[in-house]
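Step one of this worksheet: look at the structure below.
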Amino acid sequence: MKLTLKPGREKSLLRRHPWVFASALQTADEEPASGSTVDLLAPNGQFLARAAYSPHSQIRARVWTFKDESVDREFFRRKIKRAIELRQTSKVEGHTDAYRLIHSESDGIPGIVVDLYGDILVLQSSTAGSEFWKQTIAELLIEETGISNIYERSDADVRELEGLKPNTGILRGTPDTKLHITENGLRFHVDIQHGHKTGFYLDQRESRQRVGELAKDRDVLNCFCYTGGFSINALANGAKSVLSVDSSADALALLEENIAINNLPADRHTTLEGDVFQLLRKFRDEARSFDLIILDPPKFAPTAAHAEKASRAYKDINLLAFKLLRPGGILVTFSCSGGVDAALFQKIVASAALDAGMEATIIEHLSQGIDHPVSLHFPEGTYLKGLVCIKG
Ligand code: SAH
């Protein structure tokens, strides 16, 4: 089917941005089927792109290709091969046996995330178009990677916006759902069935290693610690003490196991289950202090519409963290919110320091790992940003 854009609304496609909003399309005589491939035309009839149709989403079409080429099995094979090559070029396997193999729009397959954990792939499909091609993509993944075990974790909230129900379970083969990975020489238990995202926050690999390097002889507070990525790196690199806080008891149980399998000194580590917003206030009231604080909260602003509320939450925790830091202490603070860009995040952290009455200096900008590439035409692909600040 062919869909025509309203006058002036073809501009973003000409810039190769892959999203077409419902409001940009002229009314068609009949509605394409969910996930089916449509041609997008300029008002003058010129071919612009071939895309997947999402009848329930505000993002009504997501581009597969800007070329006049067939979108078929071989098309997806080319995309998958290219994604594999990119990871070979970036040499991510030199650091870990778990990494993101397909990163949705940035690898040219909107709606599909595939994370590789040793000999298991975890696939997440989140759009009508990716659902349409899911089984084909699963077959191609097996052919191109030689890995025969695929577990599906299509349970992200965004599926609701596409009118899709959650879908989880074995897609191919016989994947173990509890496994362990080795990242930068450290081992981690991963539960691909119950864990967050596909089981592990693969995007923080490089930052976890950096925190390790900064942690020696320091008293560390790791907020929103999940299964202890930052804590394990800090302990392995000689932190004096590490206090890990998260609201998930399951994540904290895995953290304890991760300390054990890495033979790290458990007597230097404390686990605390609770709400970071409350605990930071409690620590402030108790006049506690730390040399290194990590703030890696969940996504407060999935889209720009949530930016204001999210900004308040980021400012709150960053302000409290600045107060808890000793002079010369280090704050490693992140935002993974698509709705808060790097410039806004830096402003929020600056205003937190100001209100805390502190001077602080940024010594480093951090971002998502090398296996989470960003298409130049899809800046939304840069979602994770971090700042390393020294107090005083
Ligand atoms: N730094 C981690 C990933 C953090 S993900 C890593 O490297 O693996 C965010 C974590 O915040 C999740 O584990 C979630 O359980 C936790 N969380 C969400 N809201 C919270 C809150 N209000 N207080 C404490 N933990 C919270």
* For Glu30: the one exception among (1) modelled with pLDDT of 95 or more; (2) farther than 18 Å from Leu13 by Cα; (3) loosely packed, with under 14 Cβ neighbours inside 10 Å -> (1)
* Asked: Within region 198-219, can one find any residue that is touching a residue at least 24 places away in the same chain (Cβ under 8 Å) and more than 27 Å from His95 (Cβ to Cβ)?
  -> yes
* To do: Return yes when Glu213 is open to solvent by 20 Å² or more (accessible area, probe 1.4 Å), modelled with pLDDT of 95 or more and either more than 21 Å from Leu121 (Cα to Cα) or outside any loop (DSSP other than H, G, I, E, B) (or both) and no when it is not.
  => yes
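Out of the residues in region 168-199 meeting the condition of being of a type in the set (Ser, Thr, Tyr) and open to solvent by 10 Å² or more (accessible area, probe 1.4 Å), tell me which one is nearest to Glu257 (Cα to Cα). Write out each step before concluding.
In the first step, residues of region 168-199 are kept if they are of a type in the set (Ser, Thr, Tyr); the result is 168, 174, 177, 182, 198.
Retained after the next criterion (residues that are open to solvent by 10 Å² or more (accessible area, probe 1.4 Å)): 168, 174, 177, 182.
Working: Thr168: 25, Thr174: 24, Thr177: 16, Thr182: 14 Å.
Checking each candidate, the answer is Thr182.
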* To do: Could you tell me whether region 105-113 includes any residue that is open to solvent by 20 Å² or more (accessible area, probe 1.4 Å) and part of a helix (DSSP H, G or I)?
  => yes
* Ile137 part of a strand (DSSP E or B) and of a type outside the set (D, E, K, R) -> no
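Condition check ((1) more than 16 Å from the ligand (Cβ to nearest atom); (2) hydrophobic (A, V, I, L, M, F, W, C); (3) surrounded by fewer than 14 Cβ atoms within 10 Å (Cβ to Cβ)) across all residues:
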position	(1), (2), (3)
Thr271	no, no, no
Glu286	yes, no, yes
Ala301	no, yes, no
Ser311	yes, no, no
Tyr314	no, no, no
Ala356	yes, yes, no
* Report yes if some residue within region 80-103 is within 27 Å of Gln58 (Cα to Cα), among the polar types (S, T, N, Q) and surrounded by fewer than 15 Cβ atoms within 10 Å (Cβ to Cβ); otherwise report no. => no
* Structure fact -> Counting only residues that are open to solvent by 40 Å² or more (accessible area, probe 1.4 Å) and within 13 Å of the ligand (Cβ to nearest atom), region 233-253 contains a total of 4
* Determine which single condition Gly35 fails, assuming it passes every other condition in (1) part of a loop (DSSP other than H, G, I, E, B); (2) under 27 Å from Ile147 (Cβ atoms); (3) out of contact with any strand residue (DSSP E or B) (no Cβ under 8 Å at 6 or more places or on another chain). => (3)
* Asked: Looking at (1) within 21 Å of the chain's Cα centre (by Cα); (2) open to solvent by less than 10 Å² (accessible area, probe 1.4 Å); (3) not small (Gly, Ala, Ser), can you tell me which one Leu325 breaks?
  -> (1)
* Read through the list (1) more than 27 Å from the chain's Cα centre (by Cα); (2) open to solvent by 50 Å² or more (accessible area, probe 1.4 Å), then give the number of the only condition that Pro265 fails. => (2)
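The values are calculated or read from the model by the stated rules, or taken from the named source; none is laboratory data. Quantities reported herein were computed from a predicted structural model and do not represent experimental measurements. Cβ: placed from backbone, ideal geometry, glycine included. Neighbour counts: every protein chain shown. Side chains are part of the model used for accessible areas, which takes the heavy atoms of the whole protein and leaves out ligands, DNA and RNA. Shrake-Rupley method; radii C 1.70, N 1.55, O 1.52, S 1.80 Å.
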